[in-house]
Amino acid sequence: MIHYKDNWEETKERYTAFWNKENTDRCCLAIQTGRPGGTRYPFKKEYTVEERYCDPDYLYTAMTNTCERVEYLYESIPAQMVNFGTAGECQYFGAVPNYTDGTIWFDPILDEPDAELLTYDDSRFRRHKEITQGVADRAKGRYIVAMNDNCGIIDGLAHLRGTENLLLDMVENREFVHAARDKIISVWKETQKEFFEIIRESNDGGSSHSWMHLWSPARHLQLQCDYCCMISPSMFEEFILPELEETSSVFEHCTYHLDGVEQLRHLDMILSVKGIDNIQWTRVAGQPKTSASIEALQKIQAAGKGLVLIPDRDEIEFLMKNLSPVSLQLIVGWVNSREEAAEIEKMARQLAR
């Protein structure tokens, strides 16, 4: 039972059907609205920017205050990601995080293309485990603690080496890129296994992804390679495809975060990866709406992959009419009332095919 999730048992059933690719009466819907009469809990002190990422008391209080004012409808879940930065596994090889109010940045530390210079620092990992455990202990039975954003091996290598340097390495120092990628993957696999064990109890024995509002009865991770927007298909095949094949084979479920239409030139290779269950489509600022790429979305479903979409409100009906509801997750986001949410859910049932 999850304190801040009224229909938790039904939600688990829906998501089990999602992973099993079962045809139910509608697609999955993640919708939130206001929760009346919520209590606001005070913070214990003033927190630095770093503490707002790393202090379990702050993280727990902040998430509790959110849960007190938000009602998580249908398949929306109250899940908190402990954020170590995108591709945060780079910290286990010496990358130093720069904490800002909006995100975490990393300065390159690897001056030479030498994989021997990549040294695993267990103290960084232990600190992340302590933070995650601290949040999980406090959240138990109240809300879900989701997996971190330690995803994207080449993305992590770009943090360590620097974006421009790594682009040159893919031409001039290809052996380094292969060796460094494989070294990071080895550490990533073992550290992520331990994170899964820490969060398992707060996930009712499964695992979750926060902003995708996905829960799985097994282990589920986001995969990505935002870096691939800058490289050719041949480079993707050489450097990224082996990463995806290896990382997607470790855990039971994987969702690939496709960030921008620039990645469409790699789509066939991404879809060829057996271990990738879903594609999460992100519309990047300045690019056409999600529905403008309907042919690509249909192609993804035809390849047997699920879809996780974040549409604008005026796209929802079009997407429901033109996509199968099987393994389809629509992250609708905030609505003004339960009645508005019910109208969207009613439409989803009517348009399921």
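The values are calculated or read from the model by the stated rules, or taken from the named source; none is laboratory data. Since the model is a prediction, treat every value here as computed from it, not as a measurement. FYI the Cβ positions are ideal-geometry reconstructions off the backbone, even for glycines, and counts take in every protein chain you see. Areas reflect the complete protein model, heavy atoms only, side chains present, ligands, DNA and RNA absent. Shrake-Rupley method; radii C 1.70, N 1.55, O 1.52, S 1.80 Å.
Please compute the Kirkwood hydrodynamic radius of the chain from all pairs of different C-alpha atoms, in Å with one decimal.
Working: mean 1/r = 0.0475 Å⁻¹.
About 21.1 Å, per the Kirkwood formula over Cα pairs.
For the chain, with all protein chains present and a 1.4 Å probe, just round the carbon and sulfur fraction of the accessible area to a whole percent.
Numbers: 7220 of 14860 Å².
Exposed carbon and sulfur together represent 49 percent of the surface.
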Any idea what Rg and Dmax come out to for the stretch 233-276 if you just take the C-alpha atoms, in Å?
-> 10.2, 28
Additional length obtainable on full extension of the chain from R313 to V284, 0.36 nm per residue less Cα span = 8.8 nm
Highest average packing first - 280-290, 73-83, Cβ atoms within 10 Å = 73-83, 280-290
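Give me the Kirkwood hydrodynamic radius of the stretch 104-253, using the inverse of the mean 1/r over all pairs of distinct Cα atoms, in Å to one decimal.
Working: mean 1/r = 0.0604 Å⁻¹.
Result for the stretch 104-253 stands at 16.5 Å.
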How many times 2.2 N^0.38 Å is the alpha carbon radius of gyration of the stretch 307-348?
-> 1.11
Say we join alpha carbon atoms closer than 10 Å with springs in a Gaussian network model of the chain; which of G333, G102, G304 then has the biggest fluctuation?
-> G102
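Which order, highest average first, do 10-16, 120-126, 53-59 follow once you tally other Cβ atoms within 10 Å for each residue and take the mean per peptide?
Numbers: 10-16: 17.6, 120-126: 13.7, 53-59: 19.7.
Those peptides, ordered most packed to least, come out 53-59, 10-16, 120-126.
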Just grab the label-to-label distance for D101 and H3, each label 7 Å out from Cα along the Cβ direction, in nm (one decimal).
-> 3.0
Projected onto their principal axes, the Cα atoms of the stretch 221-353 stretch, largest extent first, over whole-Å spans of 50, 33, 24
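Determine, from the Cβ-Cβ distance of E50 and K274 and an R0 of 30 Å, the FRET efficiency 1/(1 + (r/R0)^6), rounded to the nearest 0.05.
Working: r = 40 Å, r/R0 = 1.33.
Once the sixth-power term is evaluated, E becomes 0.15.
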Please name whichever of V308, F106, L157 sits farthest to the positive end of the charge dipole of the chain, dipole taken about the Cα centre and charges placed at Cβ: Lys and Arg +1, Asp and Glu -1.
-> V308
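Calculate, in whole percent, how much of the Cα-Cα pair population of the stretch 1-115 lies beyond 23 Å. Don't skip to the answer; put the middle values down first.
Numbers: 3421 of 6555 pairs.
Looking at the stretch 1-115, the distances longer than 23 Å represent 52 percent of pairs.
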If every Lys and Arg gets +1 and every Asp and Glu gets -1 at its Cβ, then about the Cα centre the stretch 192-293 yields a dipole, in debye to the nearest 20, of 380
Projected onto the charge dipole of the stretch 110-254 (+1 at Lys/Arg Cβ, -1 at Asp/Glu Cβ, origin at the Cα centre), which of S208, F176, S234 gives the Cα projection farthest towards the positive end?
-> S208
What ³J(HN,Hα) values, in whole Hz, does the Karplus curve 6.51 cos²θ - 1.76 cosθ + 1.60 give for the stretch 217-222 when θ = phi - 60°, with x put for Gly and Pro?
-> x, 10, 8, 10, 9, 7
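What's the magnitude of the charge dipole for the stretch 83-223 around its Cα centre, counting Lys and Arg as +1 and Asp and Glu as -1 at the beta-carbon? Answer in Debye, nearest 20.
Values: 15 positive and 23 negative charges, 163 e Å.
With Lys and Arg at +1 and Asp and Glu at -1, about 780 debye.
Please give the charge dipole size of the stretch 228-342, origin at the Cα centre, charges +1 on K and R Cβ atoms and -1 on D and E Cβ atoms. Round to the nearest 20 debye. Walk me through the numbers on the way to the answer.
On the way: 9 positive and 17 negative charges, 61 e Å.
The calculated dipole for the stretch 228-342 is roughly 300 debye.
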From largest accessible area down, sort D137, D6; use a 1.4 Å probe on the protein chains.
-> D6, D137
